[in-house]
Amino acid sequence: MTKAVLDENLAVLLARTLSDDELVVEPIPIGWRGLTNGRLISCIEASHFSVFVSADRKLPHEQNISDSGIAFVIVSTNHLPTLVGQADQIRKLIKSAEAGRFAVMERDGTCFFVSVEQGKRTQKPIHL
């Protein structure tokens, strides 16, 4: 079973929408709100979540996660009605995400893995 946590920039109601028999999604614990990204990642790993879901499009440029034990899913927006409409695809993306990598979903539903090394961004398509 995959266990994911939502960033504080995403609505709590999204957790219920995304959870199913194979995926447990929880909102970010109250005590983690406002933590710096580095400290937040440590808390996520220590709590045995395998995926962190966020709408923060800057994360791939700000964090080196190659040695991380968690996967990162970056959704296109924090607009709840849009995310609810994309719930099936987000769920598939969470389940296919890989530890130490960013999986990004655009508004049009296009998904890809992103890496940023030495300031250079590369993308690899994900076919769900």
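The values are calculated or read from the model by the stated rules, or taken from the named source; none is laboratory data. Keep in mind that what you see is a predicted model, and the values were worked out from it rather than measured. Counting neighbours? That spans all protein chains shown, and the Cβs are built from the backbone with ideal geometry, glycine included.
Quick grid of which residues meet (1) farther than 19 Å from F113 by Cα; (2) part of a helix (DSSP H, G or I); (3) more than 13 Å from the chain's Cα centre (by Cα); (4) aliphatic (A, V, I, L, M):
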site	(1), (2), (3), (4)
G34	yes, no, yes, no
G38	yes, yes, yes, no
C43	yes, yes, yes, no
H48	yes, no, yes, no
P60	no, yes, no, no
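Every residue in the range 1-28 that is touching a residue at least 60 places away in the same chain (Cβ under 8 Å) and in a strand (DSSP E or B), please. Of everything in the range 1-28, those that are touching a residue at least 60 places away in the same chain (Cβ under 8 Å) and in a strand (DSSP E or B) turn out to be T2, A4, D20, L23, V25. If we scan the range 24-38, do we find a residue that is modelled with pLDDT under 95, out of contact with any Gly (no Cβ under 7 Å at 6 or more places or on another chain) and of a type in the set (S, T, Y)? Yes: one or more hits.
Where residues in the range 32-69 are of a type in the set (D, E, K, R) and farther than 22 Å from L18 by Cα, which of them is surrounded by the fewest Cβ atoms within 10 Å (Cβ to Cβ)? Here the answer is D67. Look through the range 12-55, keep the residues that are in contact with a helix residue (DSSP H, G or I) (Cβ under 8 Å, 6 or more places away or on another chain) and polar (S, T, N, Q), and return whichever of them is farthest from L80 (Cα to Cα). Looking at residues that are in contact with a helix residue (DSSP H, G or I) (Cβ under 8 Å, 6 or more places away or on another chain) and polar (S, T, N, Q), I get N37. For the range 94-116, check the following and say yes or no: at least one residue is among the aromatic types (F, W, Y) and either free of Cβ contacts under 8 Å to residues at least 24 places away in the same chain or closer than 16 Å to E22 by Cα (or both). Yes, the range 94-116 has at least one match.
Cβ separations smaller than 8 Å between residues 6+ apart or across chains give the following pairs from the range 29-56 residues that are of a type in the set (K, R) to residues that are crowded, with 16+ Cβ neighbours inside 10 Å: R33/E8.
Each residue in the range 79-115 was checked for being within 18 Å of R57 (Cα to Cα), over 14 Å from the mean Cα position of the chain (by Cα) and of a type in the set (A, V, I, L, M), and 1 of them qualify.
If you check A99, A103, which single one turns out to be surrounded by 15 or more Cβ atoms within 10 Å (Cβ to Cβ), out of contact with any helix residue (DSSP H, G or I) (no Cβ under 9 Å at 6 or more places or on another chain) and modelled with pLDDT of 90 or more?
Working: A103 fails: out of contact with any helix residue (DSSP H, G or I) (no Cβ under 9 Å at 6 or more places or on another chain).
Exactly one of A99, A103 is surrounded by 15 or more Cβ atoms within 10 Å (Cβ to Cβ), out of contact with any helix residue (DSSP H, G or I) (no Cβ under 9 Å at 6 or more places or on another chain) and modelled with pLDDT of 90 or more, namely A99.
Inside the range 65-91, can you point out the residues that are of a type in the set (G, A, S), within 15 Å of V51 (Cα to Cα) and not in a loop (DSSP other than H, G, I, E, B)?
Step one: filter the range 65-91 for residues of a type in the set (G, A, S), giving 66, 68-69, 71, 76, 85, 87.
Those left that are additionally within 15 Å of V51 (Cα to Cα): 66, 68-69, 71.
A71 - this is the single residue of the range 65-91 that is of a type in the set (G, A, S), within 15 Å of V51 (Cα to Cα) and not in a loop (DSSP other than H, G, I, E, B).
Out of the residues in the range 1-27 meeting the condition of being more than 16 Å from I94 (Cα to Cα) and under 12 Å from the mean Cα position of the chain (by Cα), tell me which one is surrounded by the fewest Cβ atoms within 10 Å (Cβ to Cβ). Walk me through it before giving the result.
Taking the range 1-27 as the starting set, the residues that turn out to be more than 16 Å from I94 (Cα to Cα) are 8-9, 11-13.
When the remaining residues are screened for being under 12 Å from the mean Cα position of the chain (by Cα), the result is 8-9.
Numbers: E8: 17, N9: 13.
Among those residues, the one meeting the criterion is N9.
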